[in-house]
Amino acid sequence: MDEKTRDDLLNLFQSKLNEAMRFYLETCTRCGVCTEACHVHASMGQVKYIAAYRSEIVRRLYKKYFKGRGKVWPSVGEAKDLTDMALEELYEAAYSCTGCRRCMVYCPFGIDTQQLMSIAKLLLIGASAEPEILTLLADTSIEKGKSLELFKEGFLEGIKRLEADVVEKWQTQAGSTPIPVDAEGADLLYVALAGAHSIIPAAAVFNAAGENWTLSFFEAVNFGAFVGDPSKTKLILDRIVNEANRLKVKEVCICECGTAYRVMKQLSGKQPFKVSSITEVHARYLKEGRIKLDKTKLNGRVTYHDPCQIARNAGVIDEPRYILHHLTDDFREMTDDPRYNWCCGGGGGLVALGEDTLDFRMKSSKVKVDQVQATGAKILATACENCHTQLSNLNDHYKMGVDVKFLSSMIADALVQ
Ligand code: SF4
Ligand code: SF4
């Protein structure tokens with residue numbers, strides 16, 4: 001690595017050194033409490049997958065370049081040079097971590113491995129060593145935000161084709177539009193993912209609840225966050241923030257996508273609208289008596305996988321359970337405290353990398369499979385696209401014999417007319 005590249009990368013490193021990050025970098029006592037907390041280590045048993053070990057890879061660079069002792073006497077501070085080999089280690093650490101933060105809830109100091117891995121991801125971007133596909137997908141999302149007029153017509157035609165399926169699930173009142181788009185003055189802006197599965201059930205439930213809603217032109221997923229690029233994350237987020245402000249909505253409702261919800265909730269700043277996950281909105285409709293569900297629609301025991309970015313990392317824990325108790329009398333928890341639920345193993349961009357990560361994702365998530373199977377459930381519900389894909393892959397790979405379902409679809413299918 002030449003000197004200029006190293007200097008540029010160290011500038012990127014420095015840009016991440018706020019007070020919290022310095023605390024995470026300077027505090028680890030190597031107590032080992034996090035050793036069994038990571039699903040990757042618990043499933044695969046290799047030292048390199050211990051949370052503190054991953055962090056140490058970043059910490060050694062910090063000691064070398066940003067701490068006095070490491071600069072003068074590297075061997076004592078366990079400092080390490082930033083070399084091409086160090087970049088390879090950073091890649092291995094960052095792209096085997098799903099950012100689930102289970103280790104953080106165990107760590108007595110609350111050290112956030114996901115944040116430390118965000119330094120690793122930023123250095124990889126600076127060295128053009130990140131997974132290229134994630135950057136390409138992020139760039140595509142940003143371009144779409146810049147040239148809305150180009151794809152508007154095609155989008156509206158596609159939405160028209162879904163209307164009959166929405167009405168089939170819920171008989172929309174005469175005169176209303178099954179899927180309103182670009183409706184200024186709507187109360188709620190729904191931000192879906194690309195694909196009918198993210199739009200049809202959601203639209204049916206909004207209509208059943210009599211919601212004054214409108215569908216976003218943009219898809220919720222934020223590939224900038226997956227690849228760890230703060231400026232691209234912000235640009236992708238801003239498309240939705242600007243649309244919400246243009247339409248003057250009171251609430252932005254994010255579909256079943258954990259990262260999209262957490263990014264919108266925690267990074268959109270002070271806005272004139274509130275941010276909700278679709279699970280929170282559905283629980284609210286039930287509490288207010290705006291929708292009713294038929295418990296006879298589901299057959300067999302149900303369990304629920306808490307998406308890390310929605311539950312542990314954003315606090316939406318009671319709402320899915322409230323919904324599930326309206327859907328079934330045979331619900332079984334996976335764990336006594338959902339904050340300690342195992343990650344599905346697909347976050348952090350790993351599912352988006354598809355086949356390239358499939359073998360690792362299957363091996364690193366064996367503890368999740370054991371947890372699901374111990375419930376004896378026939379239906380495995382979740383509320384995140386990434387988790388749904390990963391759990392479906394696990395179901396096929398380990399022949400778990402469960403039916404993996406989106407919570408929103410279960411609600412739409414159980415609506416009482
Ligand atoms: S954030 Fe999750 S995947 Fe990453 S080290 Fe911690 S427990 Fe493991
Ligand atoms: S639990 Fe926290 S302090 Fe202990 S080794 Fe892990 S990261 Fe370090």
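Things to note:
- Around the Cα centre of the chain, unit charges on the Cβ atoms of Lys, Arg, Asp and Glu (plus for the first two, minus for the last two) sum to a dipole of about 1140 debye.
- On full extension, the segment bounded by LYS287 and TYR340 gains 16.4 nm, given 0.36 nm per residue less the C-alpha separation.
- At 1.567 mPa s and 4 °C, Stokes D of the chain from Kirkwood alpha-carbon radius, µm² per second: 58
- Under the simplified labelling scheme, the THR296-MET85 pair shows an inter-label distance of 6.9 nm, with each label point 7 Å from Cα along Cα→Cβ.
- Once you reduce the stretch 103-130 and the stretch 278-305 to the center of their Cα atoms, the two points are 36 Å from each other.
- Charge dipole of the stretch 133-287 (Cα centre as origin; +1 on each Lys and Arg Cβ, -1 on each Asp and Glu Cβ, all else neutral): 520 debye, rounded to the nearest 20.
- Put simply, the convex hull of the Cα atoms in the stretch 3-129 casts, on average, a shadow of 7.4 nm².
- Ordering of 35-41, 256-262, 277-283, 47-53 by burial proxy (mean other Cβ atoms within 10 Å per residue, highest first): 256-262, 277-283, 35-41, 47-53
- Antiparallel %, DSSP beta bridges [both residues in the chain], to 5: 5
- If the segment from GLU157 to SER15 were pulled out straight at 0.36 nm per residue, it would be longer than the present Cα-Cα gap by 46.7 nm.
- Farthest toward the positive end of the dipole of the chain, out of ILE111, TYR304, VAL275, is the Cα of ILE111, where the dipole comes from beta carbon charges about the Cα centre.
- Charge dipole of the stretch 297-370 (Cα centre as origin; +1 on each Lys and Arg Cβ, -1 on each Asp and Glu Cβ, all else neutral): 100 debye, rounded to the nearest 20.
- Zone of ASN212's modelled label, taken as backbone nitrogen in the stretch 248-289 under 20 Å from a point 7 Å along Cα→Cβ: 248-254, 272-276, 281-282, 284-286, 288-289
- Extended-chain gain in nm, criterion 0.36 nm per residue less alpha-carbon gap, ASP2 and GLN171: 54.3 nm
Values quoted throughout were computed directly from the atomic coordinates according to the rules given, and no laboratory measurement underlies them. It should be emphasised that the depicted structure is a prediction, and the values quoted were computed from it without experimental measurement. FYI the Cβ positions are ideal-geometry reconstructions off the backbone, even for glycines, and counts take in every protein chain you see.
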